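Since every read-out is calculated from the coordinates, none of them should be taken as a lab result. Computed from a prediction, not measured in an experiment: that's the story for all the values here. All Cβ positions, even for glycine, are placed from backbone atoms using ideal geometry, and neighbour counts span all protein chains on display.
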Amino acid sequence: MIHPKAVQKNEKYINLKSLFFFFMMIGLSAVSFSSTFAQTTVLINDAFFEIDAKKAIDSLYNRNTDAADEILGPWREKHPGHPIWLLWDGMEVWWNVLEDLDNQSLDREFIARMQQADYEAGKILRSEPGHPDALIIRAVANGYIARLHANREDWLTSVQVGRKAYQAHQELIKVAPNLPDNHFAEGMKLYYAAYIPEEYPVVKAVSWFFPEGDRKEGLTELRFAAKNGVFARPESKYFLANILHHYENSYDEAREIFADLIATYPDNSYYRREYLQTLSQLNQYDEILAFSNETLEYWQSKDKAIDPVLETEIQFWKGRAYYYNGNFENAKPHLVESVDIGKELVNSKQREIYILAAYFAGRTNDRLGQKEEAKKYYEIAADQRTIPEARKRSREELQNL
C-alpha cells in the first residue's frame, strides 16, 4: 500500500532557505538604535509603526491582503519612497506562490519584486551604511528568493542567494543585537546548519557556508520563540511544526501547533492542508473527516469560493478516510471529485494529491468490481513520474485487469 506521506508539494526546507522569512517579522519590533540616519526614515524605530505592522502581518497570514493594505496605507502615503513597500508587495505575492507551489506562473514576478526591493535597499546602504531597515530588506528579499529556488530544487542557486541574505543578517546583528525574536533566528540557524549537510550530499560541496549546527538545540530555540516571540511568533510556530512533521516525525506536537495556527488564522488554507497531512500521519481518519467537513462548512459560512487546491485535498482525504475504514461506496465519490478538480489545475500530472487520488480511485473502483472505471483511474496514475511507486503499482494493476 502506498503511504501518502508527502501528498502535496510542500516547501522543501533546505539550504537555509527557511531561515530568512523571519527577518521581516523581527525587523518590525520597536528597537532603539544608537546610530542616527538623517536621510532615510528608520520605520522600525517607530512604536506606532510596530503596532500597525503587527496587525498587518496578522491580516496577511489570515489571507486578507485588503485589510493589511488598509492598515499600512497611511504609512505608505507618509513614506512613499521607502523600499519596505517593495518588500511587502513581494510578501503578498509569496503567499500566492506558497498556496500552490505546483503553479510556477508567479515565480518571475515574485523574484523581480524581491530583486527590486534588494536593489533599493542597496542604494540606501551605499550612502547610509548600517541602516537597519535596509539591512532587513536585503536579508528578507534575498532569503525569499533563496527559498523559492530551493522549492524549485535549484539548490546551488539557493545557497548562493541565501548567503547574501545571511551576510545582511550578520550586519544587522551588529546594529541591533538585542532584537526580541532572535531566538527564532538562532533556532533556524542551528537546526538547518546541522540538518542540511547531513541530508543533502549535493550541498556538502559548499558546506563551508554553514555555521556550526545542533538540531536539538535548534528545536529548543524554536520552541522558545514560538511561545515568547513577538512578530516572529507565527513563523516560529509554522517552521517548528513543519520540522517536527517532515523531519522529526513528531506528529502529535506538529498537530497541536498547526491546530493553534488554524485557530489564529482560519482563512489560511495552507495551514489547513498541513493539518490534514499531520492527521494522516497519525492515522486519525475520523478526525480527518470531521475537520474536512468543518473546513467546508467554514468556507460556506464565509460565502466565498473555496480554494480549488484546498478542495482537491479535502476530497482526497475524505476519500482516503472512508477507504481506510473499508467503506468503498462512500470513498469513491470523494476520490473521483478530487481527481476531477485536480485535473483542471495547472501542472496536474506533477501534483501528488491528483496522482494519489487517481490511484486510490482506481483501487476503490477495483474493490467495487467496476473494472472499466478502475482502468481509467489507474491509467492516470500510471502516466506520470512524480510518484514512481504509484506509477509502478498502477501499471501492475492494469496488467491484472
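Data for the structure
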item	result
Reachable aspartates and glutamates, given that their alpha-carbon falls under 17 Å from the alpha-carbon of residue 174 and they are not under 8 places away in the same chain	128, 133, 186
Aspartates and glutamates with Cα under 19 Å of residue 376, excluding same-chain neighbours fewer than 8 positions away	329, 337, 340, 344, 352, 366, 389, 396, 397
Given 189/227; 216/318; 227/318; 237/343; 54/237, the pairs whose alpha carbons are separated by over 27 Å	216/318; 227/318; 237/343
In sequence order, calculated HN-Hα J values of the stretch 383-399 (Karplus, 6.51, -1.76, 1.60; Hz; x Gly/Pro)	9, 7, 10, 5, 10, x, 5, 5, 4, 4, 5, 5, 5, 5, 5, 5, 5
Sequence ranges 261-274, 130-143, 163-176, 298-311, ranked by mean other-Cβ count within 10 angstrom, highest first	130-143, 261-274, 163-176, 298-311
Summed side-chain charge close to residue 368 - residues other than residue 368 whose Cβ falls under 12 Å, Lys, Arg +1, Asp, Glu -1	0
Zero-based 10 Å bins, Cα pair distances in the chain, whole percents	5, 22, 30, 24, 13, 5, 2, 0
Neighbourhood charge, 14 Å Cβ-Cβ cut-off, centred on residue 397 and excluding it, Lys, Arg +1 and Asp, Glu -1	+2
Vicinal HN-Hα couplings computed from phi for the stretch 52-62 (Karplus, 6.51 cos²θ - 1.76 cosθ + 1.60; Hz; Gly/Pro x)	5, 5, 4, 5, 5, 4, 4, 5, 4, 5, 8
